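Below: one structure, written as structure tokens.
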Amino acid sequence: MKIEYIVIAIVLIIILLALIKTTTKGAKLNYNKLVELLGGTDNIIDTKISLSRFIVTLKDVSKANKEGIQKLGAKGIVEIDNELKIILGKNSKELKKYIDELK
């Protein structure tokens, strides 16, 4: 009977570690790489946030690597004229602050 409790405890620990790993993955977004994928700081005109979306106005949208941005953890990207709306979740505010400090 004690062995059953030990097995259950081990399974619960494994599940807990898996949950922690998946939730912290998005928190480790590489901001330097993201700025590079947006075409660099010279390509970024303005940044805004709206809930979980990071909205960036670019000089040249063709310099942005949308595939690379999604590989970094963006849940979606919408392009309208010279704006990209990137769904980043809770990282949106941190990214805006980071880019504002770069400029």
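Of the listed residues 52, 92, 62, the order by accessible area with a 1.4 Å probe, largest first, is 62, 52, 92. For the chain, a crude dipole built from +1 on the beta carbon of Lys and Arg and -1 on the beta carbon of Asp and Glu, taken about the Cα centre, is about 360 debye to the nearest 20. Think of the chain as having a plus end and a minus end, set by charges on the Cβ of Lys, Arg, Asp and Glu; of 13, 87, 47, 13 sits farthest toward the positive end of this dipole.
In a fully extended conformation the segment linking residue 60 and residue 4 would gain 14.1 nm over its present Cα-Cα distance, using 0.36 nm per residue.
Ranking 100, 81 from most to least accessible surface, computed with a 1.4 Å probe over the protein chains only, gives 81, 100. Lysine pair count for the stretch 27-72 with Cα-Cα distance under 16 Å and sequence separation of 8 or more or different chains is 5.
Measure off, as a whole percent, the carbon and sulfur share of the 1.4 Å-probe accessible area of the chain, all protein chains present. Solvent-exposed carbon and sulfur of the chain make up 60 percent of the total. In plain terms, the chain from residue 12 to residue 36 could stretch by 4.6 nm, reckoned as 0.36 nm per residue minus the Cα-Cα distance. Stokes-Einstein diffusion of the chain at 20 °C, 1.002 mPa s viscosity, Kirkwood radius from Cα pairs, rounded to a whole number: 141 µm²/s. Excluding residue 64 itself, what net charge comes from residues whose Cβ is under 11 Å from its Cβ, given Lys and Arg +1 and Asp and Glu -1? Charge balance near residue 64 sits at -2. To the nearest 10, the accessible area of residue 14 is 100 Å² with a 1.4 Å probe. Ordered by 1.4 Å accessible area with all protein chains kept, 41, 57 run largest first as 41, 57.
The values are calculated or read from the model by the stated rules, or taken from the named source; none is laboratory data. Nothing here was measured: the structure is a model prediction, and the numbers come from that model. Using ideal geometry, Cβ is built from the backbone for each residue, glycine included, and neighbour counts are taken over all protein chains shown. Accessible surface areas use protein heavy atoms only, side chains included; no ligands, DNA or RNA. Shrake-Rupley method; radii C 1.70, N 1.55, O 1.52, S 1.80 Å.
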